[in-house]
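Engineer: Quick one: structure below, then a few questions.
Taken together, the values in this text are just the output of simple stated rules run on the coordinates, not laboratory data. Because the structure is a prediction, the values reported are computed rather than measured. Here the Cβ positions follow ideal geometry from the backbone for every residue, glycine too, while neighbour counts run over all protein chains shown.
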Amino acid sequence: MKPLSIVVRTCCDMFAWFMVVFGSYVIIHGDVTPGGGFQGGAIVATFMALLLVAYGGEKVLSWVKFSFYNGLLIVGLLLFLLFGFSGMANSFFYNFLAVPEAVALAGGAHGIIPPSGTIALMDIAVGIEVTGGLTLILLYMFKGTRMFNLIEMGGETGHDSR
């Protein structure tokens, strides 16, 4: 896949970062607004799809470190499990950080921990995991397509060619 025109690449440079910011917003506010970790992670992962289309695969694959996205995937999963097991004194996924309704209604729910407690933190962990996972899926699908095109053009031979 070759890079597209300078106009497309310039638009990508200007607008692709908004996808990351908007996706992060959806992840962080997913417990109180429509959306959440999965939806926000998918928006952030779409950033990589936009880069692949605008700049071409050769250039993007030279920039990308697969280990970073593997790390996001693992960190998101471990954070999710950590928050799930943190409430084990009562039950798995117990929302031990939730602000009582009376305190929240009185306006005392402002601070670092949102009124939804561990739900918001788990939502952020899911967003991190989905961002890493979907980006890896996009990158590996592109690499697979590229290998398929090389085989079709006769660049490589395998056991099926005669």
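Engineer: Please go through the range 1-88 and write out the trypsin sites (Lys or Arg not before Pro) that DSSP classes as loop and that have at most 10 other C-beta atoms within 10 Å.
Structural biologist: The qualifying sites are Lys65.
Engineer: Pop a pseudo-label 7 angstrom from the Cα along the beta-carbon direction at both Ser5 and Arg146 and give the gap in nm to one decimal.
Structural biologist: 2.6 nm
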